[in-house]
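> Take a look at this one; I'll ask things after.
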Amino acid sequence: MDKPELLRRVEFLLVLVLTGVPGWTAAASAEPLDSAAFLVVDEQDRAVYGYDPAGSLVGSFSLDPSNSHPSSIAGDLATVYVLDRGTKRIYRYQSGVLSAVSNELRLGDGRSLSRPSGLAIRGGETWVLDGGRLAILRYSLAAAFSTARRVRADGEVALDPANSRAEDLAIDDVLLYVLDEIDKRLCVYRRSGGELVVVSPILQQTDGNNLGAPSGVTVEGDSIAIVDRSRKRVLRYPVDEVFGGTAGDQVPARDDFRLSLDNADARGLRAPPEFVVRPRAIQLTCQGPANFSSSASLRWTVGGVAKPGPTFDLTCTDSEESPALPLRPPNGVTGYEVSMTIKEVIGGRVTGRSCTESHPLPVQHTVCQTPLLPGSRAVFSYD
């Protein structure tokens with residue numbers, strides 16, 4: 001063994017020992033990531049970068065020296081987990097400082113992993129994509145960080161042979177999403193049972209050109225985000241356009257943003273759950289003998305900046321609510337402003353008024369409550 005390799009191993013062993021000593025933390029340069037809507041891990045810089053919903057860099061922190069081959073990222077703003085394809089371990093960082101290193105991850109039969117490239121954590125379950133073994137492996141998060149030297153997978157999903165260049169992994173309550181670097185598609189597997197459910201169209205840039213080297217994916221709520229390390233961009237796609245069955249065999253990104261110049265070797269992507277907004281809906285409810293209609297527009301508040309939202313028309317009667325109109329706010333939205341005109345129709349006569357109201361999220365609100373006639377009321381709700 002040559003001297004540099006020996007020193008590297010000694011350094012790694014010291015990290016494993018010292019991180020278990022109360023009061024000791026590994027050195028790291030860290031900037032606040034409190035407003036980060038996207039986290040990207042970079043192998044060349046050995047760092048994690050955070051971006052706000054508009055794509056501006058808001059902070060970063062350096063990885064521990066032994067975490068030298070980061071391949072994927074998971075977690076939230078307080079606790080970040082980084083998978084290392086070299087050591088085949090998971091590194092846990094809290095507020096940008098290394099707090100623990102997992103046991104070595106192994107296959108269920110005890111054999112070594114080949115090319116661990118994707119990490120997803122949901123509750124107490126940890127899923128690791130091994131592109132070399134064409135498998136997604138499940139571990140207990142508690143067992144991975146126990147006192148044992150190695151931990152075996154307690155479950156496995158075999159990848160479809162066509163999914164041969166699996167690069168990263170995302171998760172929701174039911175499904176596993178595997179990004180294929182060569183095909184530029186997402187292959188979706190069921191967590192329980194492991195069967196292949198659907199394959200997405202080819203994911204493209206906003207202008208319809210091909211992706212370069214898609215290397216990270218996150219799926220949260222109604223949006224999918226992909227990081228492309230060769231194009232140095234994060235691209236966002238609505239879930240219903242990717243899997244809605246109307247996109248054909250290609251689907252362009254809805255929007256994108258460019259990575260920081262320093263973030264030149266992006267390998268994994270996560271949207272912290274604190275900044276994920278689930279699909280919401282608007283509805284007009286009528287009470288009383290009158291019928292109501294409304295025309296309205298919304299503006300979202302994202303990062304303190306107002307951004308244009310949808311316009312819409314809703315109509316209801318005293319016996320039936322308007323249909324719920326689904327909305328897809330951008331990730332990171334913290335509030336909204338609604339401007340609307342409610343009209344009441346009584347015996348062919350139209351009366352009404354306009355109103356503008358602003359509200360924070362995520363709280364259900366009733367806005368522009370409009371009593372126009374004793375016993376009648378129009379209520380506009382955003383839930």
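The values are calculated or read from the model by the stated rules, or taken from the named source; none is laboratory data. Please read all numbers here as calculations on a predicted model, not as lab measurements. Virtual Cβ from ideal backbone geometry, glycine too; neighbours counted across all protein chains shown.
> For the structure I just gave you, tell me whether SER260 is hydroxyl-bearing (Ser, Thr, Tyr), at pLDDT 80 or above and either not assigned by TED's automatic domain parsing to the domain that holds PRO360 or not in a strand (DSSP E or B) (or both).
The answer is yes for SER260.
> Kindly indicate whether any position in region 34-57 is modelled with pLDDT under 80 and part of a loop (DSSP other than H, G, I, E, B).
yes
> Among residues belonging to region 153-186 that are among the β-branched types (Val, Ile, Thr) and closer than 13 Å to GLU125 by Cβ, point out the one that is surrounded by the most Cβ atoms within 10 Å (Cβ to Cβ).
Restricting to residues being among the β-branched types (Val, Ile, Thr) and closer than 13 Å to GLU125 by Cβ, the top hit is ILE171.
> Listed residues SER140, SER117, SER146; which is surrounded by 22 or more Cβ atoms within 10 Å (Cβ to Cβ) and not aromatic (Phe, Trp, Tyr)?
Of SER140, SER117, SER146, the one residue that is surrounded by 22 or more Cβ atoms within 10 Å (Cβ to Cβ) and not aromatic (Phe, Trp, Tyr) is SER117.
> While we're on this one: So HIS365 clears everything in (1) surrounded by 19 or more Cβ atoms within 10 Å (Cβ to Cβ); (2) at pLDDT below 70; (3) in contact with a Phe, Trp or Tyr (Cβ under 7 Å, 6 or more places away or on another chain) except one condition, right? Which one?
(1)
> May I pose another question? List every residue pair whose Cβ atoms sit under 9 Å apart, with the two residues 6 or more apart in sequence or on different chains, where the first one lies in region 106-133 and is within 13 Å of ILE171 (Cβ to Cβ) and the second, anywhere, is among the polar types (S, T, N, Q) and in a loop (DSSP other than H, G, I, E, B).
THR126/SER102
> With the condition being within 26 Å of PRO273 (Cα to Cα), I'd like the strands (runs of 3 or more DSSP E) fully within region 127-173 carrying at least 3 qualifying residues.
Qualifying strands (runs of 3 or more DSSP E): 135-140, 155-158, 166-171.
> Another question, then. Report the residue count in region 82-98 for those that are surrounded by 15 or more Cβ atoms within 10 Å (Cβ to Cβ) and either polar (S, T, N, Q) or farther than 26 Å from PHE61 by Cβ (or both).
Adding up the residues that qualify gives 2.
> If you don't mind, there's one more thing I want to ask. Hey, any hits in region 229-243 for a residue that's part of a helix (DSSP H, G or I) and of a type in the set (Phe, Trp, Tyr)?
yes
> Looking only at region 55-75, filter to residues that are more than 21 Å from the chain's Cα centre (by Cα) and small (Gly, Ala, Ser); which one of those is surrounded by the most Cβ atoms within 10 Å (Cβ to Cβ)?
If we take residues in region 55-75 being more than 21 Å from the chain's Cα centre (by Cα) and small (Gly, Ala, Ser), then SER66 is surrounded by the most Cβ atoms within 10 Å (Cβ to Cβ).
> Residues in region 219-237 that are hydroxyl-bearing (Ser, Thr, Tyr) and either modelled with pLDDT of 95 or more or not assigned by TED's automatic domain parsing to the domain that holds ALA135 (or both): how many?
Within region 219-237, residues that are hydroxyl-bearing (Ser, Thr, Tyr) and either modelled with pLDDT of 95 or more or not assigned by TED's automatic domain parsing to the domain that holds ALA135 (or both) number 1.
> Tell me whether region 92-103 contains one or more residues that are more than 21 Å from LEU77 (Cβ to Cβ) and assigned to a strand (DSSP E or B).
no
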